[in-house]
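The block underneath contains the structure these notes are about, expressed in structure tokens.
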Amino acid sequence: EKYDLNIGVPGISKIEITNLKGYYFQVKKEGMVFVVEGNAVNNDEKPRSFIRVKGNLYDSKGALVMSKEVYGGNILTRNDLRNFPKDKVLKEMDYRMGKGLINSNIATGEKIPFMVVFYGVPENLSEFDIEVVSSEDATKS
């Protein structure tokens, strides 16, 4: 059983992860990648910006095998994911504001999508999860 160590931490505990899904996807150069997608919902009473999430992959024994942090709001089409080189994909995932500035000034109750792409994934994957790493109070910027 995993415990949430961020209860009451502003900017983390009020961001809810929904619609989580993970899937394998074939890309041109690197072969098979594992993709995790979902939404981050702002349940804070204030607008939030720069939501950052971390995807974790676990093996069949429950041991953490890979982690990757990304900013919300950076979604690639399947075509781009298939054709972009790895460094371009990783750069796109790390755009702080999100595409179209979607990861900035997220109102209460609003959600933004996120995508985490893992390269060089081991074959014995059995579980994944997402945790919120950080977000900022949009009224302070």
- prompt: When segment 104-141 is examined, which residues are found to be touching a residue at least 60 places away in the same chain (Cβ under 8 Å) and charged (D, E, K, R)?
  reply: Glu110, Lys111, Glu127, Asp129, Glu131, Glu136, Asp137
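Does Asp87 meet the test of being over 21 Å from Ile112 (Cα atoms) and at pLDDT 95 or above? Even if it seems obvious, please write down each step before you answer.
Working: over 21 Å from Ile112 (Cα atoms): yes; at pLDDT 95 or above: yes.
Yes: the conditions hold for Asp87.
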query: How do the strands (runs of 3 or more DSSP E) wholly within segment 40-141 filter down when requiring 1 or more residues that are open to solvent by 70 Å² or more (accessible area, probe 1.4 Å): which remain?
result: 64-71, 111-118, 125-137
task: Name every residue in segment 17-49 that is under 30 Å from Thr139 (Cβ atoms), acidic (Asp, Glu) and at pLDDT below 95, in order of residue number.
output: Asp44, Glu45
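May I ask you to list the residues in segment 25-37 that are touching a residue at least 40 places away in the same chain (Cβ under 8 Å) and open to solvent by 10 Å² or more (accessible area, probe 1.4 Å)?
Restricting attention to segment 25-37, the residues satisfying the condition of being touching a residue at least 40 places away in the same chain (Cβ under 8 Å) are 25-30, 32-37.
Phe25, Gln26, Lys28, Lys29, Glu30, Met32, Phe34, Glu37, listed by residue number.
The values are calculated or read from the model by the stated rules, or taken from the named source; none is laboratory data. Since the structure is predicted, the reported quantities are computational estimates derived from the model, not experimental observations. Cβ atoms come from the backbone with ideal geometry, glycine included; neighbour counts cover every protein chain shown. When the accessible area is computed, the model is the full protein with side chains, heavy atoms only, and any ligands, DNA or RNA have been set aside. Shrake-Rupley method; radii C 1.70, N 1.55, O 1.52, S 1.80 Å.
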